[in-house]
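Heads up, the thing below is written out as structure tokens.
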């Protein structure tokens, strides 16, 4: 048995057009490589899109590439991740499922208040697949709490479980503050656990479960990931062997400089470093930090420096000067991270409301249903919020 496993494609992500284009081309490269690998099927473990309502360009790209699999008879099995699953319960994956371009394996029914998942059987190999969606703010934990496991674990045959969450025993140290669930939440008895959500490359065996695999994103999703990961990746599985395959549409050239001198000297030091670097068709990341002894950060002509790199052939130039300050000004500390990182930090600081805040965020992010009147939509959101705050019946 041979299959491909990818996750966290985030099609439509990146604000910078060039990086958004690179992200899309990385996805096409993944499809190209999979098609030449003669796999039996493909797994997508969440976040195919960067948002539950992707742009026309992102949707077109996904449809075109998924159709390439369909045209040669390679089935694609997927689950929705925290980005492409909306608070209203809708996901574009259902549209792609109806169109026959993939199969959403998050299927089942609620039995006595608990979730009973069903298996999807791959016709060619007989492999049985199922999985759990991912939700923002760790709200998918409630689904695992209410999951009926007996039939999942006792079902005979070769089984694969798709999931989209962080696992406490597997996540790297630099993500120790990230919400995570214990490995024990995953059902036992599967030969492969196809993970997504955590942008790392890993293959772990924990708590009696083997092949808990994170393929990494098909392309890095921010400057810090470009510096750390350098490229995207996906996984090829063949008869028990797991191989992480790199995807690199452009080299990444990270440049770091600790500024402890004047603005003029810092500019000269940066120019000296860049002069010895081959930037041809590369993504150059400039990270300058520290406290200038004289002058201010705006005295350093970063725009001109970036333009000169592009003229030398760089594909794109990204910079981060959030931790560059001057003795002439009061220091303002800004912690780096994604929107989700900032949300987690703020939530963690509110100890008494730590569990309530994600639920409120989900309720307030609710979208208006098709055909629903505005007044009814507003009434529904207010009702959900009132119920969470315990205000129902008080006024």
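Computed from the coordinates by the stated procedures, all read-outs in this text should not be read as laboratory data. What you see is a predicted model; the values in this text were computed from it and never measured. Here the Cβ is made from the backbone with ideal geometry for all residues, glycine too, and neighbour counts use every protein chain on show.
Is the C-alpha gyration tensor of the stretch 21-133 telling us rounded, prolate or oblate? Criteria: a/c under 1.5 is rounded; beyond that, a/b larger than b/c is prolate, otherwise oblate.
On the way: a/c = 2.31, a/b = 1.23, b/c = 1.87.
In terms of gyration-tensor shape, oblate.
Report, in degrees rounded to the nearest 10, the 0 to 90 angle that the Cα long axis of helix 17-36 makes with the longest principal axis of the chain.
50 degrees
For an R0 of 30 angstrom, estimate the FRET efficiency from the Cβ-Cβ distance between residue 239 and residue 356 and round to the nearest 0.05. It would help to have the intermediate numbers written out before the result.
On the way: r = 48 Å, r/R0 = 1.59.
In this case the efficiency is close to 0.05.
Could you give the nm distance between label points at residue 322 and residue 2, where each point is 7 Å from its Cα heading toward the beta carbon?
The two pseudo-label positions are separated by 4.3 nm.
Against the longest alpha carbon principal axis of the chain, how many degrees, from 0 to 90 and to the nearest 10, is the axis of helix 339-349 turned?
It is inclined by approximately 80 degrees.
Full extension from residue 36 to residue 281: what is 0.36 nm times the residue separation minus their Cα-Cα distance, to one decimal in nm?
85.6 nm
Can you give the FRET efficiency for residue 299 and residue 15, using 1/(1 + (r/R0)^6), R0 = 30 Å, r = Cβ-Cβ distance, to the nearest 0.05?
After rounding to 0.05, the efficiency reads 0.70.
Taking 0.36 nm per residue of separation and subtracting the Cα-Cα distance, what length does fully extending residue 28 through residue 124 add?
32.1 nm
In deg cm²/dmol and to the nearest 500, what is the mean residue ellipticity at 222 nm of the chain if only DSSP H runs of at least 4 residues count, each as -39500 (n - 2.57), divided by the residue total? Each step should come with its number before you reach the end.
Values: 11 runs with 119 residues, N = 395.
Taken over the chain, the calculation gives -9000 deg cm²/dmol.
Just need the relative contact order of the chain here, percent rounded to a whole number, with Cα pairs under 8 Å and 6+ apart.
So the answer I get is 14 percent.
For the chain, with a Gaussian network of springs between Cα atoms less than 10 Å apart, report the residue from 62, 363, 109 with the top mean-square fluctuation.
109
Whole Å is fine, so just give me how far the alpha carbon centre of the stretch 89-164 lies from that of the stretch 197-267.
After rounding, the separation between the Cα centres reads 27 Å.
On a 0 to 90° scale, report how tilted helix 56-71 is relative to the longest principal axis of the chain, with both axes built from alpha carbons and the result rounded to the nearest 10.
Taking Cα atoms only, the helix is inclined about 50 degrees.
How much length is gained on full extension from residue 98 to residue 365, taking 0.36 nm per residue of separation minus their Cα-Cα distance?
Values: separation 267, 0.36 × 267 = 96.12 nm, distance 2.57 nm.
Computed gain between residue 98 and residue 365 is 93.6 nm.
How large, in Å, is the chain by the Kirkwood hydrodynamic radius built from its alpha-carbon pairs?
Across the chain, the inverse of the average 1/r is 23.1 Å.
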